[in-house]
Amino acid sequence: MRAFVTGAAGFIGSHLVEHLLEVGHEVVALDDLSTGSIDNLREVSDHPALQFHRGSVLDADLVDDLTAGADTVFHLAAAVGAFVVRDRTVEGIRVNVHGTDVVLEAARRHGARLLVASSSEVYGKNTKIGLREDDDRIVGSPLMHRWSYSEAKALDESLVSASVEAFGMHGVIARLFNTVGPRQTGLYGMVVPRFVAQALAGEPLTVFGSGEQIRCFCHVLDVVPALVALAACDEATGRAVNIGRSEPVSIDELARRVIARTGSSSTIERHTYEEIYGRGYEDLQRRVPDCGLAEWLLGFRPARDLDDVIDSVVADQLGRRPAMTRPA
Ligand code: UDP
């Protein structure tokens, strides 16, 4: 297979590229290096089956050229992270909406299979335990910019699903829940690499809000093979499929676990959402997936638990000596 991966130098993208090369595929990789880093691909930089291009998914001619000859397009390029949504809202909306339109159009024109990475953010404030793919979205006003990522991803999903129906193309949506592992940076908000960096530096772990909010974390090495299987799955065409782990943990408990696993002397420091995000920010109080559809379609069952996730991030950061420690 020849795969075209957008967002290839990002956290998930770089693991996907490595996996595709490992199983013998050719990979054409695109990234604008806005939040991704070429360093993420250093293990495979000399691989003869990898072609890397620096550029944007907003560049329709480039995307069209790179899609020609691809069997499958993995569209992972996106403006992601709570701090990116906060600081680069307009750019984020453009990349996340128009970028997907550009990639989808190229895949359609060249007859390639398409997988689009979406997000559990589409469920918004729905706190149901075991969110299923057809559950309602509950989101705030579009004038509250924190919802713009959820809105953009929801529109991407509608575009994929409607295009499958209208053009008979193969398109599938991976609705990713909190995905964590080596190379994820805390610079753009993600809580696990932030807590680990803070614990390793002996600085306070910055818990935003009450700390009672619930998330479920899945290791990127469990997620990546599921993306490849999903893109190849005919029965998944036109569907959105949750990919994640359903073991819930509160952010307070996560902070305590990170401190315990690193043996750190760090304390926990609370910040209000207003301090971090400005006025009117609403967090999601609980996000727990039902991944029954992925299990049924793909036999998906994550093998790694939360301690594996934390330990792998610790090992990665100890190897890389990250600069980032302090909060936003
Ligand atoms: N969070 C936190 N401290 C941090 C970074 C994040 O308490 O330094 C919280 C954040 O407010 C949210 C949770 O951790 O409630 C998960 O945040 P992340 O940005 O990793 O993912 P998402 O909000 O998309 O689930």
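The values are calculated or read from the model by the stated rules, or taken from the named source; none is laboratory data. Small disclaimer: the values here were computed from a predicted structure and weren't measured. Methodologically, a virtual Cβ is constructed for each residue, glycine included, from the backbone with ideal geometry; neighbour enumeration extends over all protein chains shown.
Might you check whether a residue that is of a type in the set (S, T, N, Q), in a loop (DSSP other than H, G, I, E, B) and near the ligand (Cβ under 10 Å from one of its atoms) occurs anywhere in segment 190-206?
no
Of the residues that sit in segment 207-236 and are within 16 Å of the ligand (Cβ to nearest atom) and part of a loop (DSSP other than H, G, I, E, B), which one is surrounded by the most Cβ atoms within 10 Å (Cβ to Cβ)?
In this case the residue turns out to be Phe217.
Give Ala70, Ala78 a once-over and let me know the one that is within 16 Å of the ligand (Cβ to nearest atom), assigned to a loop (DSSP other than H, G, I, E, B) and buried (at least 17 other Cβ atoms within 10 Å of the Cβ).
Ala78
Working only within segment 134-156, note down all residues that are loosely packed, with under 13 Cβ neighbours inside 10 Å, closer than 13 Å to Tyr281 by Cβ and touching an Asp or Glu at 6+ places or on another chain (Cβ under 9 Å).
Once the filter is applied, which keeps residues that are loosely packed, with under 13 Cβ neighbours inside 10 Å, closer than 13 Å to Tyr281 by Cβ and touching an Asp or Glu at 6+ places or on another chain (Cβ under 9 Å), segment 134-156 yields only Met144.
Output yes when any residue across segment 155-170 is more than 20 Å from Leu104 (Cβ to Cβ) and out of contact with any Lys or Arg (no Cβ under 7 Å at 6 or more places or on another chain), and no when none is.
no
Step by step: first the residues of segment 282-296, then only those that are more than 9 Å from the ligand (Cβ to nearest atom) and in a loop (DSSP other than H, G, I, E, B), then the one that is surrounded by the most Cβ atoms within 10 Å (Cβ to Cβ). Which residue is that?
Cys291
Do we find a residue being at pLDDT 95 or above, under 20 Å from the mean Cα position of the chain (by Cα), more than 16 Å from the ligand (Cβ to nearest atom) and surrounded by 21 or more Cβ atoms within 10 Å (Cβ to Cβ) anywhere in segment 242-264?
Within segment 242-264, none of the residues are at pLDDT 95 or above, under 20 Å from the mean Cα position of the chain (by Cα), more than 16 Å from the ligand (Cβ to nearest atom) and surrounded by 21 or more Cβ atoms within 10 Å (Cβ to Cβ).
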